[in-house]
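A.B. asks: Take this structure first; my questions come after.
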Amino acid sequence: MSRYTIVELHGDGIARELSQSVHTVAEALPFELDFVPVDLSDQNREARGDVIYDETEAAMRRHGTSMKYPTATTRESPNRVIRERCNFAVIHRPVHTIPGIQTNFSKTIDLDIIRIATGGTYEDAGRRINRDTAVSIRTIERRPSVLAARFAFRLAQLRGTNVIATSKYTIQQATDGLFQEAARLVAQDYPATEFREELFDALLAGVIMRPERYGVIVCPNEYGDFLSDMAYGLIGSIGLGDSASYGFNESGEVSVAMFDPAGGTAPDIAGQNKANPTAVLMAMANMLRHIGEVPASKALRGAVLASIEAGEKTADIGGQLSLSAFTEVVIGRMKDALG
C-alpha cells in the first residue's frame, strides 16, 4: 500500500472539525496518508512566537505537501508569514458552479484563477507622511510573474481552455506592465493555447456578463484576491472555495505545496458540527491530484459535487446535514466511485 506524508497545519475556530472531516475521508482511501501535525493556533503562536514558524517551515520543506486549516489573523497573518517563509510564488483558486446550490447568478462559472502569491500592494502596509496623506510602495517581480504565467498555461493545456492575463496595465504601466510583459513572453511558448490580455475592471464585467469566455485567468496578487472572492460569491459562498499555494525550485518545478479552504475560522459556529467541509474536501481532492492519486482525487471531488446536487448538504447551503453527516455521505459516494 502506498504511503504519503502530509504536514497538517492546525488553526482556529472550525479548524479542528475540518481536520476531523479530512481524517475521516483519509481513513476510507485505498492508500495511507501519514499526517504530521503542526499547531498554528493563535494561542500557540502567541506562546511560542517565531519558533512555531521555524518548525512549520522546516516541516513543510521536508515533506513537500501540506494541508492547512483556517487561522485567525491577530498579531500577524499566518498565511502571509508562510507565503514568505516558503517562497510561495503562485496561488491557484478554482471556482466552478456547483449544481444544487441556489445563487443569485444564473450562468455557469468554470474558472481557474492563478495569482502571484507575493508583491502587489500586500508587501508594504504604507506610512503617513503627514496628517492628511499616506503612501505605500507596490512591487511586481519578473520571476513570480513568469512562474504564475507558466502555471496558468500548463493548466490551460490540461483543461483545453484559454489564458487571460489581467491587470491595470494602462494605468500602472511600470508594475502591471512588467507582469503583462512576462505573461506575453511565456505565451510564446504555448502557441496552441488561446491567449489574450484584458484590463482588470473590464474583466470583472466580462466574467459576469459572458463567463463562458474565461477559462484560466492569471493576474498580480491583489487582483486575484479580489477576483476570486467575487467569483465565489457568484457560485454561492466564499466558503465553497479551495486554494493551493506553490513554491518552486530553481528549475521551475514545484518544491513546496499547500492546500487549504479559502474561508475563515467561523468562530460563531466552532465546535457545533455545523461547518461546511466542502471547501476543505475540495482542497483535499486537489492535494490528492498533486501527489499523483488522480483516481482518488476525481472520486472525492465527484462525491462532494454529487452529494450537494442530490440535496444532501449542510444548512448554510440549504440542506439539513451536519458536518460529520455530510462527510459520511461523501465517503459513501467516494467508495462507490473507487469500487
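A.B. asks: Please give me the summed charge of the neighbours of R16: other residues whose Cβ is under 14 Å from its Cβ, Lys and Arg +1, Asp and Glu -1.
C.D. replies: Here the charged neighbours net out to -3.
A.B. asks: Once the convex hull of the alpha carbons of the range 97-173 is built, what does its volume come to per residue, in cubic angstrom?
C.D. replies: About 183 Å³ per residue, rounded to a whole number.
A.B. asks: If you roll a 1.4 angstrom probe over the protein chains with everything in place, what fraction of the accessible area of the range 140-251 belongs to carbon and sulfur, to the nearest %? Could you put the intermediate results ahead of the total?
C.D. replies: Values: 2510 of 4690 Å².
Exposed carbon and sulfur together represent 53 percent of the surface.
A.B. asks: Say we join alpha carbon atoms closer than 10 Å with springs in a Gaussian network model of the chain; which of T175, T103, T133 then has the biggest fluctuation?
C.D. replies: T133
A.B. asks: Excluding ligands, DNA and RNA, what is the solvent-accessible area per residue of the range 127-267 at a probe of 1.4 Å, expressed in Å²?
C.D. replies: Here the residues of the range 127-267 average 46 Å² of exposed surface.
A.B. asks: Search the structure for amide H atoms under 5 Å from the amide H of S167, placed 1.01 Å from N in the peptide plane, and list their residues when 5 or more places away or on another chain.
C.D. replies: The answer is E198, F200.
A.B. asks: Now for a different question. Quote the charge dipole size of the range 222-336 about the Cα centre in Debye, to the nearest 20; the model charges only the Cβ of Lys and Arg (+1) and of Asp and Glu (-1).
C.D. replies: 440
A.B. asks: Same structure, new question: What net charge do the residues around T278 carry, taking every other residue with its C-beta under 10 Å from that of T278, with Lys and Arg at +1 and Asp and Glu at -1?
C.D. replies: For residues surrounding T278, the net value is -1.
A.B. asks: A further question on this structure: Springs between alpha-carbon pairs under 10 angstrom, Gaussian network model over the chain: which of Q188, Q20, Q320 fluctuates most?
C.D. replies: Q188
A.B. asks: Sort the following peptides by mean Cβ neighbour count (other Cβ atoms within 10 Å, averaged over residues), highest first: 5-14, 202-211.
C.D. replies: Listed from highest to lowest mean packing, they are 5-14, 202-211.
A.B. asks: Let me have the 222 nm mean residue ellipticity of the chain computed from DSSP H runs of 4+ only, each contributing -39500 (n - 2.57), with the sum over all residues rounded to the nearest 500.
C.D. replies: Calculated mean residue ellipticity at 222 nm is -13500 deg cm²/dmol.
A.B. asks: Long-range amide H contacts for T5: which residues qualify at under 5 Å (H placed 1.01 Å from N, peptide plane, sequence gap of 5 or more or a different chain)?
C.D. replies: Distant-sequence amide H within range of T5: D34.
A.B. asks: Taking θ = phi - 60°, what integer Hz values does the Karplus form 6.51 cos²θ - 1.76 cosθ + 1.60 yield along the range 180-187, in sequence order, with x for Gly and Pro?
C.D. replies: 5, 4, 5, 5, 5, 5, 5, 4
A.B. asks: With unit charges on the beta carbons (Lys and Arg positive, Asp and Glu negative) and the dipole taken about the Cα centre of the chain, which residue among G263, L111, V294 sits farthest to the positive side?
C.D. replies: Value computed over the given set: L111.
A.B. asks: Whole-Hz ³J(HN,Hα) for each residue in the range 116-131, computed from phi via Karplus 6.51 cos²θ - 1.76 cosθ + 1.60 with θ = phi - 60°, x for glycine and proline: what do you get?
C.D. replies: Working through the residues one at a time gives 5, 7, 10, x, x, 8, 8, 8, 9, 6, x, 7, 7, 9, 6, 4 Hz.
The values are calculated or read from the model by the stated rules, or taken from the named source; none is laboratory data. Note that the structure is predicted; figures quoted are calculated from it, not measured. Quick reminder, even Gly has a Cβ in these numbers, built from the backbone with ideal geometry, and neighbours come from all protein chains shown. These accessible areas exclude ligands, DNA and RNA; they are computed on the full protein's heavy atoms, side chains included. Shrake-Rupley method; radii C 1.70, N 1.55, O 1.52, S 1.80 Å.
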